[in-house]
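Undergrad: What follows is a single structure, and I will ask about it in a moment.
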Amino acid sequence: MIIETKRLFLREMKENDLDMLFKVLGDKENMRYYPYVFDKVHVQRWIKNNIERYRVFGFGLWAVCLKESGEMIGDCGITMQNINGTILPEIGYHIRADKQHNGYAKEAAHSVKDWGFVHTPFKILYSYMKADNIASAKTAEAMGMHITDTYLDDMYDKVLVYSINRN
């Protein structure tokens, strides 16, 4: 276990998380702000990429699991992302559709922010999302983040960049 919250624990992903993570990343509605919906091959690659991130960086996206049952309901963590032409540490999160609107993304992301400021050298953490992804923006704001940039992505969609400084 990497992080424990009141209702969740975050742990490293494993190869056998494929089916549970596919329920998140393979859901068309859940992935409407991404350029594509993941098939199982892409989910498998996603898991392998995160396992490699743990080895290289000591962090990545972690499996978000319910404490009560151990069930994996999504992912959340820090990855290095190209945000408007600069590689920056980004807090990302995905929660399975039937578990959304329960505050799980906010709870997981807030704990990842706290973890990141203690266990990494980063003085600023970021989150970015398409401007119409209101739920993701609310999660960033719940972490105490503020909009610090906007830009148009390759598809000419407006992207909001949120950030928070280490206290």
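The values are calculated or read from the model by the stated rules, or taken from the named source; none is laboratory data. Source: prediction; values computed, not measured. Here Cβ is always computed from backbone atoms with ideal geometry, including for glycine, and neighbour counts include all displayed protein chains.
Undergrad: Considering each residue of the range 6-17, count those that are over 16 Å from residue 52 (Cα atoms) and surrounded by fewer than 17 Cβ atoms within 10 Å (Cβ to Cβ), and give that number.
TA: Going residue by residue through the range 6-17, those that are over 16 Å from residue 52 (Cα atoms) are 6-10.
The next check asks that each one be surrounded by fewer than 17 Cβ atoms within 10 Å (Cβ to Cβ); those that pass are 6-7.
Result for the range 6-17: 2.
Undergrad: Shifting gears a bit: Which residues, counting only those in the range 32-47, are touching a residue at least 24 places away in the same chain (Cβ under 8 Å) and under 25 Å from residue 111 (Cα atoms)?
TA: 33, 43, 46, 47
Undergrad: Step by step: first the residues of the range 18-43, then only those that are surrounded by 12 or more Cβ atoms within 10 Å (Cβ to Cβ), more than 14 Å from residue 95 (Cα to Cα) and β-branched (Val, Ile, Thr), then the one that is modelled with the lowest pLDDT. Which residue is that?
TA: This residue is 37.
Undergrad: Could you count how many residues in the range 23-44 are within 16 Å of the chain's Cα centre (by Cα), under 20 Å from residue 78 (Cα atoms) and in a helix (DSSP H, G or I)?
TA: 3
Undergrad: Next question, about the same structure. Tell me which residues, restricted to the range 144-167, are crowded, with 17+ Cβ neighbours inside 10 Å and either under 24 Å from residue 35 (Cβ atoms) or in contact with a His (Cβ under 7 Å, 6 or more places away or on another chain) (or both).
TA: Within the range 144-167, 145, 159, 160, 161, 162, 163 meet the criteria.
Undergrad: Going by what's in this entry, would residue 87 be described as touching a helix residue (DSSP H, G or I) at 6+ places or on another chain (Cβ under 6 Å) and at pLDDT 95 or above?
TA: no
Undergrad: If residue 130 passes every condition in (1) out of contact with any Phe, Trp or Tyr (no Cβ under 8 Å at 6 or more places or on another chain); (2) at pLDDT 95 or above; (3) not hydrophobic (A, V, I, L, M, F, W, C) but one, which one does it miss?
TA: (1)
Undergrad: Could you please give the count of residues in the range 61-98 that are touching a residue at least 40 places away in the same chain (Cβ under 8 Å) and either on the phi > 0 side of the Ramachandran plot or in a strand (DSSP E or B) (or both)?
TA: 20
Undergrad: Looking at 98, 149, 153 in this structure, which one is more than 15 Å from the chain's Cα centre (by Cα) and either among the hydrophobic types (A, V, I, L, M, F, W, C) or at pLDDT below 95 (or both)?
TA: The conditions single out 153.
Undergrad: Now for a separate question. Working only within the range 52-88, note down all residues that are in contact with a Cys (Cβ under 8 Å, 6 or more places away or on another chain) and either small (Gly, Ala, Ser) or closer than 14 Å to residue 107 by Cβ (or both).
TA: The answer is 62, 64, 73.
Undergrad: When residue 121 is evaluated against the numbered criteria (1) closer than 25 Å to residue 6 by Cβ; (2) at pLDDT 95 or above, which criterion, by number, is the only one it fails?
TA: (1)
Undergrad: So, of the residues in the range 120-135 that are closer than 14 Å to residue 163 by Cβ and of a type outside the set (Val, Ile, Thr), which turns out to be surrounded by the fewest Cβ atoms within 10 Å (Cβ to Cβ)?
TA: The extreme case among them is 123.
Undergrad: Which of the residues belonging to the range 143-158 are assigned to a strand (DSSP E or B) and closer than 28 Å to residue 118 by Cα?
TA: 146, 147, 148, 149, 150 - these are the residues of the range 143-158 that are assigned to a strand (DSSP E or B) and closer than 28 Å to residue 118 by Cα.
Undergrad: Report yes if some residue within the range 47-58 is under 15 Å from residue 95 (Cβ atoms) and of a type outside the set (Val, Ile, Thr); otherwise report no.
TA: No, the range 47-58 contains no residue that is under 15 Å from residue 95 (Cβ atoms) and of a type outside the set (Val, Ile, Thr).
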